[in-house]
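Have a look at the structure below, then the notes.
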Amino acid sequence: MSEVKIAAETRTEFGKGAARRIRRDNKVPGVLYGHGSDPLHLTFPGHDLLLALRTPNVLIALDIDGKSNELAIPKSVQRDPIKGFLEHVDLLLVKRGEKVTVEVPVHAEGELAPGGNLLEHVLSALPVEAEATHIPEALTVSIEGLEAGASVLAKDVALPSGVTLAVDEDAVVLQVLAAQAEEAAEGEGEGEEAAAEA
């Protein structure tokens, strides 16, 4: 897992007006908390933070006011619903060797059995417990040849060494649904009639 260094500054202004001023300067307000310490209100460079957050569960090495270095992972990210820019971020303080519970994206690879079956992601991210400095970026599941009615359970997902499930092992992660044969047949019939009329 990659570690991203970001310089942060402590902030003393709070409220909507202060947050707007921070965002006007292309920065993002945020809070660092954890380990029983008082929450630390920070300001982050907007572009650097945006790039870092493209990686799920990214490990961020914070240089706070050039004095202290802390490790953190994103806990909550608020974005503008229309423009998508970062409005606020909550980071969780972590230490090397410490175990944390996070949700890791699940990616399916391979082809389903022939027949127009559909794959449903019941859990798009799997809750796992991992060492803070070794959180996997994604978990890959093979769906090669799966037929309608088949499902992949949490216990079927291969986990890297040192990573354990933080969800019931019988929880359904992916399931294969049969395509709606009647709808497909009606759609094909309409297409044939249109072709005949032409």
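The set of residues in segment 59-74 being free of Cβ contacts under 8 Å to residues at least 24 places away in the same chain and either closer than 16 Å to GLU3 by Cα or acidic (Asp, Glu) (or both) consists of ASN69, PRO74.
Filtering segment 137-156 for residues that are touching a residue at least 40 places away in the same chain (Cβ under 8 Å) and more than 15 Å from the chain's Cα centre (by Cα) leaves an empty set.
Within segment 104-121, track down each residue that is part of a loop (DSSP other than H, G, I, E, B), open to solvent by 70 Å² or more (accessible area, probe 1.4 Å) and in contact (Cβ under 8 Å) with a residue 12 or more places away in the chain. Answer for segment 104-121, where residues must be part of a loop (DSSP other than H, G, I, E, B), open to solvent by 70 Å² or more (accessible area, probe 1.4 Å) and in contact (Cβ under 8 Å) with a residue 12 or more places away in the chain: just GLU111. Considered as a group, the residues in segment 59-99 that are surrounded by fewer than 20 Cβ atoms within 10 Å (Cβ to Cβ) and touching a helix residue (DSSP H, G or I) at 6+ places or on another chain (Cβ under 8 Å) include one that is nearest to TYR33 (Cα to Cα), and that residue is HIS88. Tell me yes or no: at least one residue of segment 39-47 is in a loop (DSSP other than H, G, I, E, B), modelled with pLDDT of 80 or more and surrounded by 13 or more Cβ atoms within 10 Å (Cβ to Cβ). No, because not a single residue in segment 39-47 is in a loop (DSSP other than H, G, I, E, B), modelled with pLDDT of 80 or more and surrounded by 13 or more Cβ atoms within 10 Å (Cβ to Cβ). Within segment 93-116, the set of residues being at negative phi and of a type outside the set (A, V, I, L, M) comprises LYS95, ARG96, GLU98, LYS99, THR101, GLU103, PRO105, HIS107, GLU109, GLU111, PRO114.
The values are calculated or read from the model by the stated rules, or taken from the named source; none is laboratory data. It should be emphasised that the depicted structure is a prediction, and the values quoted were computed from it without experimental measurement. Ideal geometry is used to build each Cβ from the backbone, glycine not excepted, and the neighbour counts take in all protein chains shown. Just the protein is used for accessible areas: all its heavy atoms, side chains included, with ligands, DNA and RNA removed. Shrake-Rupley method; radii C 1.70, N 1.55, O 1.52, S 1.80 Å.
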